[in-house]
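None of the figures in this text is laboratory data; all of them are computed from the coordinates on show. It should be emphasised that the depicted structure is a prediction, and the values quoted were computed from it without experimental measurement. Note that each Cβ is placed from the backbone with ideal geometry, even for glycine, and that neighbours are counted across all protein chains shown.
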Amino acid sequence: MKRMIAALLICGLLTFMLSACSSNSAPQGQDPSKVTIELVTDPEPVPTKQKVKITAQVTGLVKEEGAKVQFDIRRGSNGLPELLTAEPDGKGGYSTEKTFDRDGKYTIYIHLYQGELHITKKKQFDVS
């Protein structure tokens with residue numbers, strides 16, 4: 001009888017622990033496939049040695065509250081990343097400024113964080 005009670009107690013504890021680990025990682029009601037991110041640069045095309053405004057226009061979020069955007073900028077195929085944090089404009093845009101010292105092909109990984117939700121988009125552009 002004591003073994004049966006102990007076994008039931010252990011099963012109940014395991015069920016509780018497993019259900020706690022399987023919580024939904026996205027904000028409630030958020031479908032990550034509905035989120036789109038458009039990269040906009042001003043000026044375009046991107047010139048060297050001139051300040052450029054980089055904006056990620058985010059649509060499809062259920063709510064913008066708590067969202068954070070970072071730009072991971074790399075020159076060439078194996079360049080070291082430069083991580084820049086963007087400031088929200090309150091209308092779905094997240095912007096920062098950067099001066100590109102050298103021309104070439106650049107890759108930007110746009111990281112969108114909201115709670116435990118993390119979406120990454122990859123965009124490429126030329127600087128000349």
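For LYS91, the aspartates and glutamates whose Cα comes closer than 15 Å to its Cα, not counting residues fewer than 8 places off in the same chain, are GLU38, GLU64, GLU65.
Calculated FRET efficiency, VAL62 to ASP42, Cβ-Cβ distance, R0 = 30 Å: about 0.60 to the nearest 0.05.
Please grab the % of Cα pairs in segment 27-127 that end up more than 24 Å from each other. Value for segment 27-127 (Cα pairs over 24 Å): 22 percent.
In this simple spin-label approximation, LYS121 and GLU87 carry label points 7 Å from Cα along the Cα→Cβ vector, and these lie 2.2 nm apart. Here the simple spin-label model places points 7 Å from the Cα toward Cβ, and for ASP72 and SER33 these points are separated by 2.4 nm.
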